[in-house]
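Peer 1: The structure follows.
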Amino acid sequence: MGDSKEGGAESPPLGAAAREGLSLLSQGESEEPSAQGSALFLGGNEVKSRAVVKYSSAPPRTAFARLEEKTDLKLPPANWLRESAKLGPAGTTILGNSKKSKPFSSFGMAYDFIDSVGNDVDVVSDSENIKKLLKIPYSKSHVSMAVHRIGRTLLLDELDIQELFMRSSQTGDWTWLKEFYQRLIDQKWQRKKKSKEHWYQKAILSKFLYYSINGDGAAQPVPAAAEQQESSSSDQTNDSDGASWPAPFEMPSSVSEDPSASSQGSEPLEPSYIVGHVASAPKEQNLTTLFNDGENSQGLKNDFVRNILWTFEDIHMLVGSNMPIFGGGRYPAVSLRLRDNNKPINVLTGIDYWLDNLICNVPELVMCFHVNGIVQKYEMIKTEEIPNLENSNFSTKVIKDIAQNILSFLKSNCTKEGHTYWLFKASGSDIVKLYDLTTLCEETEDKYQNPFTMPVAILLYKVACNMMMKKNQNKKHYGTIRTLLLNCVKLLDKSRHPQIIASANYMLSELFQLDEPKKEESSESPLNENSDESYSEEEEEMPDSDENGSYSTSSDPSDDNKAVAIIKSVGELSVPEKYKSIHQIRPSCTFPVCHDTEERCRLVLSYVLEGLKSVDSSIKKESDLPAADPNTPIPLKYEDESTRGGPEGLEKQMALFLDKMGSLQKGNYSSQSGMIPGSWQHKMKLQLILKSSKAYYVLSDAAMSLQKYGRALRYIKLALQSHDTYCCLCTNMLSEVLLFLSQYLTLCGDIQLMLAQNANNRAAHLEEFNYQTKEDQEILHSLHRESSCQGFAWATDLSTDLESQLSVSCKCYEAANEILQFSDLKSQNPEHYVQVLKRMGNIRNEIGVFYMNQAAALQSERVVSKSVSTAEQQLWKKSFSCFEKGIHNFESIDDATNAALLLCNTGRLMRICAQAHCGAGDEFKREFSPEEGLYYNKAVDYYLRALRSLGTRDIHPAVWDSVNWELSTTYFTMATLQQDYAPLSRKAQEQIEKEVSEAMMKSLKHCDVDSVSARQPLCQYRAATIHHRLASMYHSCLRNQVGDEHLRKQHRVLADLHYSKAVKLFQLLRDAPCELLRVQLERVAFAEFQMTSQNSNVGKLKTLSGALDIMVRTKHAFQLIRKELVEEFDQPKSDESTPAADSSPSLNREEVVKLLSIFESRLSFLLLQSIKLLSSTKKKRSSNTEDDVVLKTNKQIYSQLLRATANKNAALLERIDVLVHLLDQLARGGSGGVQ
């Protein structure tokens, strides 16, 4: 039934368009806000008023029937109190504008327009209450109203003291208020009965309205029985108009859909915010289903004919009105009033008529005058003329000031959300007092005796729900939502309203984003940005004392102590801006700033715990703990070794776990507490448990980053226990929840791995792991009501065995990976899948290295036994298997670098296998075995695979260099072993030399001597050693070979080449003087060997000259040795205890002495041979001055050398100094005559 022509006659084009656009509205629907409103200019005083009809259930507007003069209104019309199409099914109530409003009428409106509450609207109330407040300075009648604050909105309701106290005498409720009222205000309280005149006026008005809507307008008297009907109807009216006060604690026994539920914006919402039956509801309107039954039983229905958003100056009000509006013909919208011609209109009536028309945006007023019920005349007055009527002059500006002052007074003093305030003015008094009934009620035995408690709590809850469900909400509203919910919980008795309390606590926990980035609340705006306009619940500031101070106008001084605030005279309300609102009426929006993750999670868990307690308390059970399940073993402190940390036991547990996960897909349900699937307790507990598991996961992650691994394991254990309980209760496992489980297990694997790697701090980790807060214990107790929580015990035990910890870590990753195979989670979460596989590859590498090191340790202990033990072989197999799986993991996600590292480790394993097969018998008979060759070649294959995996050095230079070095080492080791332990029993010498040469050259190829890096000196040393070994090998071949001159020449050239390269590389190194000296001595020996095959003196002299030149070049090596000896000698005596290794690599003195002796003997031999050859050539040839000089020099040096070597007691340093001096002389004097 749409009120299609509602709206003023102002702005005809816009108004007309708006009226045409209005559709017929059935009860429960809301009109779109239309541009209806008017600004009135009265007597030069501008008063802005704008009214927008938000909802209407009025019948289509019809013209009123103008009654003929002399019509007797005392006679009832034929249609009186009967249903009519024009009136609609609601009958008389729609036209009963004097109908008394219900005590919770504002709550009914607030429920329907939840978007406006706490936000845009200042006041929600019945129009009668608004009028009564604005008439306070003009009226002597009493005022009694209940005031509630929700956000920045005030809800005003009539508080009928007479009705309350009548109820009190019947039920015992409100006794405390009755006693308070009698003690402080009216000691001789008696129920005042309404006069006969009151009922007479009411009946005559009702008949007048029925006459006015009667089509033919004929007054058809009814039989005398109608008088009886009239009196009975008056009684009914009396009964129905009386406030239907609810019992203070009524919760819906069954929840039914209320057809009148507002559908003001059916936007989809996230089901997680809603409680009970609503948890799965996709529509916002279903939110009301939790409370509708209770609302109806408590009279909380919005039963106004229309709800209007009225803006009066700067005050926004949501007003309910039942005023009948007529229209049609020349009068599109008029209000109809009946006046006694003998009684002039007074100011109160004028204000009443003016405000009614303003609120409903009606431009004209029609008054019908009667004398003793006989119609006299009609008069039409424009709304803006009402303030200027004779006998009812009033200033609209004063009314505006009164409205602003009253609102400011209430805003400043009604500061506590959820409290019931009582605005009271006694009849005939000028003093207006404001009491806080909640505080007074709390002083009584039962603080829940206030009947407003439940409606206020529900409204707080609904407003919070509404704000939570808006997806575009930003975080700055979280403080408001939190305050609403905390106040809601504070108002309710936990034992009587577990469902709302559980839901409110869940929403409180949802306010704290657990998965947000680490940066704290800085993204949108500071959460406490509006703290300057927020009130503090702990310490309310009071307005200035000259305005709202305490005044001793009451006969009883204690009166002042009970009142929150007092208006000492109603006249003050007319003074402009007398009461300024110091406070914006907002809650303290300061959302708690959690400085760290742990604090945030702890807050979440505290709310989760309260929610769980509410749910558990509502489940009726014989005992708190569930009965033992005969199929579930009781967990004991000790464990059987077979099921403990060993890999075999883990395999069994993993199989059971995966079987359980598979069954979850089919929706098995196994609660131990007896919760019914689908009940509000079941749905709420599921949400709370899931929230707790997330919070514990975040806590564990935070502890992990702080390296508190014991604490991290404790938290992840609680997260997995929560999840295990969730799995037991869940009837349909969501893929999102499975993903959470995969993440939990991944983190658990990380923790177990870190514990394995930090075994030295085990005692501290164990202490952290065993500690538990009271909150955690209580949450765990709630979980144990549903499940044994042992599903993940295999993953969360703190083992002392390294192998066990690594195995558990691996199994956690494997389980996480298995879970990703369910429901196609792998493709939906590729990043997490990659992370899990990386971790699997890493842990398999760790386990492989662990087994490999164990095998190496066994090998080092094996001294006597020649054969490889079975234990070693088992360890090799385990290690190899782990590496292979790890390589497969990394290759499956194209992680070339890590795959290369694992291939490198496999190569190392092969080398360990090769070392294990080297003959441990007689060193002299030892030969390079085929097994060694096999494993070294396998190692080479794995290193080459690693290089192929990387592709180029650019991918990862460090790994590339490392693999190259290992490959070079493998080739070098293989070649060295073949050279030192030549397998002559199996291969020919030439073949061995060829293989050694090839291996050495390959080693050299992978040995990067040019790149500047920390490894460069090692590479240079390796390359120098390779050249030295190759030169020695070719030197040896030359000595042992007979025959093929071409091959001998080739070997001679190669030996010379490699010696010279070895010298160049050793000269680059500062810490290899002995090696340099040895190579030079070998070169001299090589020259001596060549000299033996020479026949001519000239050739021999040339070779000798070259050899002595090599001797001169050894000076660099001697200088390095001398420097080290001096450094050792010069060390302070106090540092004698300091190991020499602290300075530089200690010099091997024995080797130095040995090499020095060889050098002296070879130098002596060369000089002697040089002198002999030069002397013999001198006799044969004519004089050669140059040769003479050389001969003379060589003789002098030879003489000095003989004297020096003859002194057996000379110190090492002295001998070196002598040699350096002699080499200098040799360099200056020339070493030979023939060039």
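Peer 1: Could you list which residues have their amide H under 5 Å from that of Ser141, counting only those 5 or more apart in sequence or on another chain, with H placed in the peptide plane?
Peer 2: Here Gly428 satisfy the definition.
Peer 1: Expected output is a single nm value to one decimal: the length gained when fully extending between Met1001 and Gln874, i.e. 0.36 nm times separation in residues minus the C-alpha distance. What is it? Before the final figure, lay out the partial values.
Peer 2: Details: separation 127, 0.36 × 127 = 45.72 nm, distance 3.52 nm.
Going from the current span to full extension adds 42.2 nm.
Peer 1: Applying the Karplus parametrisation 6.51 cos²θ - 1.76 cosθ + 1.60 with θ = phi - 60° to the phi angles of region 1204-1217, what ³J(HN,Hα) value in whole Hz is obtained for each residue in order, glycine and proline being reported as x?
Peer 2: So the Karplus estimates, Gly and Pro as x, are 5, 6, 5, 7, 6, 8, 5, 6, 4, 5, 5, 4, 5, 4 Hz.
Peer 1: Need the full-extension length gain, Ile1158 to Ser1093, defined as separation in residues times 0.36 nm minus the C-alpha distance. One decimal, nm.
Peer 2: Working: separation 65, 0.36 × 65 = 23.40 nm, distance 2.24 nm.
Extra length available between Ile1158 and Ser1093 comes to 21.2 nm.
Peer 1: Determine, from the Cβ-Cβ distance of Asp954 and His888 and an R0 of 22 Å, the FRET efficiency 1/(1 + (r/R0)^6), rounded to the nearest 0.05. All intermediate terms of the calculation are to be shown ahead of the outcome.
Peer 2: Details: r = 25 Å, r/R0 = 1.14.
Taking R0 as 22 Å, the efficiency between Asp954 and His888 is 0.30.
Peer 1: Would you work out if region 723-869 is rounded, prolate or oblate? Take a ≥ b ≥ c from the square roots of the eigenvalues of the alpha-carbon gyration tensor; rounded if a/c is under 1.5, else prolate when a/b is larger than b/c, oblate otherwise. Present the calculation step by step, with values, prior to reporting the outcome.
Peer 2: Details: a/c = 2.86, a/b = 1.56, b/c = 1.83.
Note, shape of region 723-869 comes out oblate.
Peer 1: Follow-up question, since we're still on this one. Considering only protein heavy atoms and a probe of 1.4 Å, how much of the accessible area of region 334-394 is carbon and sulfur, as a whole percent? Intermediate values should be presented prior to the final figure.
Peer 2: Working: 910 of 2170 Å².
Of all accessible area on region 334-394, carbon and sulfur atoms account for 42 percent.
Peer 1: Follow-up question, since we're still on this one. Top to bottom by accessible area (1.4 Å), largest first, where do Tyr111, Tyr771 land? Walk me through the numbers on the way to the answer.
Peer 2: Values: Tyr111 15, Tyr771 135 Å².
Result, largest first: Tyr771, Tyr111.
Peer 1: Order the peptides 1008-1020, 395-407 from the highest to the lowest mean number of other Cβ atoms within 10 Å of their residues.
Peer 2: Highest-to-lowest ranking by the protection proxy: 395-407, 1008-1020.
Peer 1: So, one more: Using modelled backbone amide H atoms (1.01 Å from N, in-plane), which distant-in-sequence or interchain residues come within less than 5 Å of Leu338's amide H?
Peer 2: Excluding prolines and chain starts, which carry no amide H, the hits are Cys368.
Peer 1: Which ³J(HN,Hα) values, rounded to whole Hz and listed in residue order, are derived for region 743-751 from phi using the Karplus coefficients 6.51, -1.76 and 1.60 in 6.51 cos²θ - 1.76 cosθ + 1.60 with θ = phi - 60°, glycine and proline given as x?
Peer 2: For region 743-751, the Karplus-derived couplings read 5, 4, 5, 4, 5, 4, x, 4, 5 Hz, x marking Gly and Pro.
Peer 1: Still on this structure, please answer the following. Run the simple label-point estimate for Met380 and Leu75 please: 7 Å along Cα→C-beta, distance reported in nm.
Peer 2: Going from the Met380 label point to the Leu75 one covers 2.8 nm.
Peer 1: Once amide H atoms are placed 1.01 Å from N in the peptide plane, what residues at a sequence separation of 5 or more from Val564, or on another chain, have their amide H within under 5 Å of its amide H?
Peer 2: Excluding prolines and chain starts, which carry no amide H, the hits are Leu434, Tyr435, Asp436.
Peer 1: Going down the table (Lys494/Lys691; Lys193/Lys568; Lys140/Lys416; Lys207/Lys397; Lys343/Lys433; Lys202/Lys568), which pairs top 28 Å between alpha carbons? Spell out each step's value before the answer.
Peer 2: Values: Lys494/Lys691 21 Å; Lys193/Lys568 30 Å; Lys140/Lys416 30 Å; Lys207/Lys397 36 Å; Lys343/Lys433 33 Å; Lys202/Lys568 35 Å.
From the list (Lys494/Lys691; Lys193/Lys568; Lys140/Lys416; Lys207/Lys397; Lys343/Lys433; Lys202/Lys568), the Cα-Cα distance tops 28 Å for Lys193/Lys568; Lys140/Lys416; Lys207/Lys397; Lys343/Lys433; Lys202/Lys568.
Peer 1: I'd like the carbon and sulfur percentage of the solvent accessible area for region 893-1005, probe radius 1.4 Å, heavy atoms only, ligands and nucleic acids excluded. Walk me through the numbers on the way to the answer.
Peer 2: Numbers: 2710 of 5220 Å².
Carbon and sulfur: 52 percent of the exposed surface of region 893-1005.
Peer 1: Using 7 Å Cα-to-Cβ label points, what is the Val1189/Ser395 separation (nm, one decimal)?
Peer 2: Roughly 13.2 nm, to one decimal.
Peer 1: Under 8 Å for C-alpha pairs, at least 6 residues apart: give me the relative contact order for region 389-465, rounded to a whole percent. Could you put the intermediate results ahead of the total?
Peer 2: Details: 42 pairs, mean separation 15.3, N = 77.
Here the relative contact order equals 20 percent.
Peer 1: Can you figure out the FRET efficiency of Arg1039 with Gln1225, using R₀ = 25 Å and their beta-carbon distance, to the nearest 0.05? Let's see the in-between values first.
Peer 2: Details: r = 33 Å, r/R0 = 1.30.
So, using R0 = 25 Å, E works out to roughly 0.15.
Peer 1: Starting from a Cα-only point model with no solvent, please compute log10 I(q)/I(0) by Debye for region 829-965 at q = 0.09, 0.11 1/Å.
Peer 2: Results for region 829-965 at q = 0.09, 0.11 Å⁻¹ read -0.31, -0.45.
Peer 1: First check a/c for region 326-402, with a ≥ b ≥ c the square roots of the eigenvalues of its C-alpha gyration tensor; if it is under 1.5, answer rounded, and if not, answer prolate when a/b is larger than b/c or oblate otherwise. Before the final figure, lay out the partial values.
Peer 2: Working: a/c = 2.44, a/b = 1.20, b/c = 2.03.
Taking the square roots of the gyration eigenvalues as a ≥ b ≥ c, region 326-402 is oblate.
Peer 1: Each residue of region 1152-1165 in turn: what ³J(HN,Hα) in whole Hz from Karplus with 6.51, -1.76, 1.60 and θ = phi - 60°, glycine and Pro shown as x?
Peer 2: For region 1152-1165, the Karplus curve yields 4, 4, 4, 5, 5, 5, 4, 4, 4, 5, 5, 5, 4, 4 Hz.
Peer 1: Counting Lys +1, Arg +1, Asp -1, Glu -1, what net charge surrounds Gln1169 among other residues with beta carbon under 11 Å of its beta carbon? Write down the numbers at each step before the final one.
Peer 2: Working: positive: Lys1100, Arg1162, Lys1172; negative: Glu1088.
Here the charged neighbours net out to +2.
Peer 1: Using the basic label-point model (7 angstrom from Cα toward the beta carbon), what is the Lys194 to Gln991 distance in nanometres?
Peer 2: For Lys194 paired with Gln991, the spin-label model returns 12.6 nm.
The values are calculated or read from the model by the stated rules, or taken from the named source; none is laboratory data. As the structure is a computational prediction, the values presented were derived from the model and not from experiment. Reconstructed Cβ throughout: ideal geometry from the backbone, glycine too, with neighbour counts over all protein chains shown. Each accessible area value is taken on the protein alone, full model and side chains, heavy atoms only, with ligands, DNA and RNA left out. Shrake-Rupley method; radii C 1.70, N 1.55, O 1.52, S 1.80 Å.
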